[in-house]
1. Report the full-extension gain for the segment ILE3 to ASN88: residue separation times 0.36 nm, less the Cα-Cα distance, to one decimal in nm.
2. Taking 0.36 nm per residue of sequence separation and subtracting the Cα-Cα distance, how much length would be gained by fully extending the chain between SER31 and GLN75, in nm to one decimal?
Amino acid sequence: MDIFENKELVSAQQGRTSLYDDLNQLIIKNSLRNTSGPTYTSLEPSGSTSTGKSANTKWQSVYPGIGVAVTVEGQYQTLRHFIRDIENARQLIIINQVELQRATETNTPAAEGVANAGSRGSLVSLQLNMATYFQRNNAQNGGAAVDPN
């Protein structure tokens, strides 16, 4: 458990920056069109002193984290590669919900729609709801220092 908490999970500051950059790079790498999001929601650890109920309480854990919702559009095969890249990321990212549907004509510019008229049916819209978790801060770890390496 110590190895997981102190070596596999990254600090919140490092993890946030890395998550934002990595997700944007994966969208570009896989030639996907971002149609919504990503939106980020802070996930407080369960049992924290926060009194308000979050819409994301179902994604809470004992670790602090971020909930992410993103919708991208592309060829089915590239969407599969995108999901695989997320699953193989160095940072712990849990895909909680996946929704696939045929991309709508209104999402495509007219010129592209004409150029891809024969292949239009192969574009798919993918909505992902994910969560990533970070190391607990020192107070949550019982005051023990956490070595990020």
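Nothing in this text is a laboratory measurement; each read-out follows from the coordinates by a stated rule. As the structure is a computational prediction, the values presented were derived from the model and not from experiment.
1. Computed gain between ILE3 and ASN88 is 28.7 nm.
2. 14.9 nm
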